[in-house]
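Contents: one structure, followed by commentary.
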Amino acid sequence: MFVDDLLPTPTEKTEKLIKSFYAHPKKVIISKLSLQENEVRKYILTEYTRLGTAPAVEKIKEKFQNLDVDSILQKLDTLDFIYLNADKTRIECSYPFSTGKTIHEVEMDGTKLYCNCALDALGVPFIFGKDIIISSQCGFTGEPITIKIENKKIVSRTHSNIWVWNSYYRCGKSVNSCCKRMLFFTSSTALDEWVKTHPGEEGERLALSEALFISKYLFESFI
């Protein structure tokens, strides 16, 4: 393990992303929610951290008996805060968390959670203010990658020069498009080789400290 502190680091590249690709982050779109709708959104996220998975829709209805939960969930789905299954009976994800297993596992307070992408995983400590351990893998070689975050900074990692691919691909829900391509890589060489095998793929290479800054920007004040 490489033990040294990596802080969220703004650069010209991250500023460009914030002004373009991330010009309308979800934490800004929260303003489109009513107080009650936002309470449901926050409840879903906190239940993920307690259960390690999404709360059942029926449990949400029990919690908010005086609200039209079905309509609220549909609005959250439309605004891409959550992703419902086809018959609207199950929450498949609530950013940054995934209900199903992914290659991005996060351990927080002894609970194992799954995230939709590399940036989602890096964003968890900025939502909850907790220390985490990320267990993922290189998008090209499949080699395991572990990243430990304490006090919102990276304190150790398995590889000295981890990179993240910030995909520009958008087609429908984020979880089904760009999230599938936002991966960790063990080195810039591994990332370069992955890009070669994905002709036409557009995105931005981010050093780990830059990726941490983007995740901080996206998820700080999210709950």
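What follows is calculated from the coordinates using simple rules that are stated; it is not laboratory data. Not measured: the values here are computed from a predicted model. All Cβ positions, even for glycine, are placed from backbone atoms using ideal geometry, and neighbour counts span all protein chains on display.
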Expressed as a rounded percentage, what relative contact order does region 161-204 have, with Cα pairs under 8 Å and six or more residues apart?
50 percent
Could you pull out the longest piece of the chain with no exposed loop trypsin sites (Lys or Arg not before Pro) in it, calling a site exposed if DSSP puts it outside H, G, I, E, B and it has at most 11 other Cβ atoms within 10 Å?
1-100
Using label points projected 7 Å from each Cα along Cα→Cβ, tell me how many nm separate Asp131 and Asn161, to one decimal.
2.9 nm
How would you classify region 137-223 from its alpha-carbon gyration tensor, with a ≥ b ≥ c the square roots of the eigenvalues: rounded for a/c under 1.5, else prolate if a/b is greater than b/c, otherwise oblate?
oblate
Positive end of the dipole of the chain, charges at C-beta (+1 Lys, Arg; -1 Asp, Glu), about the Cα centre: which of Tyr48, Thr89, Ile133 has its Cα farthest in that direction?
Thr89
Here, Asn151 and Ser71, labelled 7 Å along Cα→Cβ, have an inter-label distance in nm of 4.8 nm
In region 27-96, lysine pairs with alpha-carbon atoms under 20 angstrom apart (chain gap of 8 or more, or interchain)
16
Have a look at region 27-96 and give its Rg and Dmax from the Cα atoms, expressed in angstrom.
11.0, 29
Helix 118-128 sits at what angle to the longest principal axis of the chain, using alpha carbons and giving 0 to 90 degrees rounded to 10?
60 degrees
Quick check: the angle from helix 208-219's long axis to the longest principal axis of the chain, C-alpha only, nearest 10 degrees?
10 degrees
Along the Cα-to-C-beta direction of Lys101, a point sits 7 Å from the Cα; which residues of region 120-137 have their amide N less than 18 Å from that point?
134-137
Residue order, fewest to most surrounding Cβ atoms within 10 angstrom, among Val28, Val164
Val28, Val164
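Tell me the relative contact order for region 100-165 as a rounded percent, counting alpha carbon contacts under 8 Å between residues six or more apart.
On the way: 108 pairs, mean separation 16.0, N = 66.
With pairs under 8 Å counted, the relative contact order is 24 percent.
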Can you figure out the FRET efficiency of Arg170 with Thr141, using R₀ = 25 Å and their beta-carbon distance, to the nearest 0.05?
0.40
Cα centroid distance between region 115-158 and region 188-223, in Å?
13 Å
Helix 35-51 axis, angle to the chain major axis (alpha carbon atoms, nearest 10°)
60 degrees
Give the label of the value calculated from the structure for mean projected area of the Cα convex hull in nm², choosing from (i) 11.9; (ii) 12.9; (iii) 14.8.
(i)
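Once a ≥ b ≥ c are taken as the square roots of the eigenvalues of the Cα gyration tensor of region 5-126, is the result rounded (a/c under 1.5), prolate (a/b larger than b/c) or oblate (a/b not larger than b/c)?
Working: a/c = 2.13, a/b = 1.41, b/c = 1.51.
Oblate, because a/c is 1.5 or more while a/b does not exceed b/c.
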Percent relative contact order of region 147-223, based on C-alpha pairs within less than 8 angstrom and at least six residues apart?
32 percent
